[in-house]
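Enquirer: Below you'll find the structure I mean.
The values are calculated or read from the model by the stated rules, or taken from the named source; none is laboratory data. What you are looking at is a predicted structure, and each value in this text was computed from that prediction instead of being measured. We place every Cβ from the backbone using ideal geometry, glycine too, and count neighbours over all the protein chains shown.
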Amino acid sequence: MEVISFNIEGLLAFQPRVFGDDRGYFFEPFNKKNFSEHLVGIDFVQDNESCSKKNVVRGLHFQKPPFAQGKLVRVVKGAVIDIAVDIRKNSATYGHYQRIELSEHNKTIFWIPEGFAHGFVALEDDTIFSYKCSNYYDQPSEDSILWNDKDLNIDWGVAQPIISDKDAIAQNFNTFNSPF
């Protein structure tokens, strides 16, 4: 498995070994032993999955401590542009974001630790997005930042996004007080 690091500390991408032949392919999207050397002390407690139409934007979501979550994300079917925004107040990259394409074809797996807001845009209809969480979902702890915040200036790469009512009224980054 190839491990890719980014300019924003803590974010990692994993490129698993895929074994393919004329019958199809096989790979391990998760093997605790293989990930444990890179994700020290992380214990995944919940798996989540969503299905999205093309141009659906979900995010930018996070959970506040003590229910903060790290997420190990991948695409089972279709493709997304995945976004992680650094919301750690003392980080040199506070307010910066990482953009990465995840797809059923590239099989890339993306690690987003606690202290990041997360979102994605589906590039194909019926995109299935799957992720492991390091903490349980806690509704009172959920929060979000406006997906198209002018200060973050995220290039989502979509002209006509489909946004939930909840995501459309999320807070602006310039008034956001990070709990991290």
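Enquirer: Looking only at region 132-171, which residues are surrounded by 13 or more Cβ atoms within 10 Å (Cβ to Cβ), part of a loop (DSSP other than H, G, I, E, B) and of a type in the set (S, T, N, Q)?
Expert: 134, 135, 148, 164
Enquirer: Please verify whether residue 92 is modelled with pLDDT of 95 or more, within 18 Å of residue 39 (Cα to Cα), among the hydrophobic types (A, V, I, L, M, F, W, C) and surrounded by fewer than 23 Cβ atoms within 10 Å (Cβ to Cβ), treating the condition exactly as stated.
Expert: For residue 92, the condition - modelled with pLDDT of 95 or more, within 18 Å of residue 39 (Cα to Cα), among the hydrophobic types (A, V, I, L, M, F, W, C) and surrounded by fewer than 23 Cβ atoms within 10 Å (Cβ to Cβ) - is not met.
Enquirer: Considering only residues that are touching an Asp or Glu at 6+ places or on another chain (Cβ under 7 Å) and of a type in the set (A, V, I, L, M), look in region 81-108 and name the one that is farthest from residue 4 (Cα to Cα).
Expert: 81
Enquirer: Moving on to the next point. Find the residue count for region 70-94, including only residues that are more than 11 Å from the chain's Cα centre (by Cα) and either more than 25 Å from residue 25 (Cα to Cα) or acidic (Asp, Glu) (or both).
Expert: 9
Enquirer: What number of residues within region 23-69 satisfy the criterion of being touching a Cys at 6+ places or on another chain (Cβ under 7 Å), crowded, with 18+ Cβ neighbours inside 10 Å and of a type outside the set (Phe, Trp, Tyr)?
Expert: Of the residues in that region, 1 qualify.
Enquirer: Select from region 157-170 the residues that are of a type outside the set (Gly, Ala, Ser) and over 19 Å from the mean Cα position of the chain (by Cα) and list them in ascending order.
Expert: Within region 157-170, 160, 165, 169 meet the criteria.
Enquirer: Can you name the residue in region 13-42 that is outside any loop (DSSP other than H, G, I, E, B) and of a type in the set (S, T, N, Q) and, of all such residues, is nearest to the chain's Cα centre (by Cα)?
Expert: Result: 15.
Enquirer: Continuing with this model, one more query. Tell me the strands (runs of 3 or more DSSP E) entirely within region 53-93 that contain at least 3 residues that are touching a residue at least 60 places away in the same chain (Cβ under 8 Å).
Expert: 57-63, 79-86
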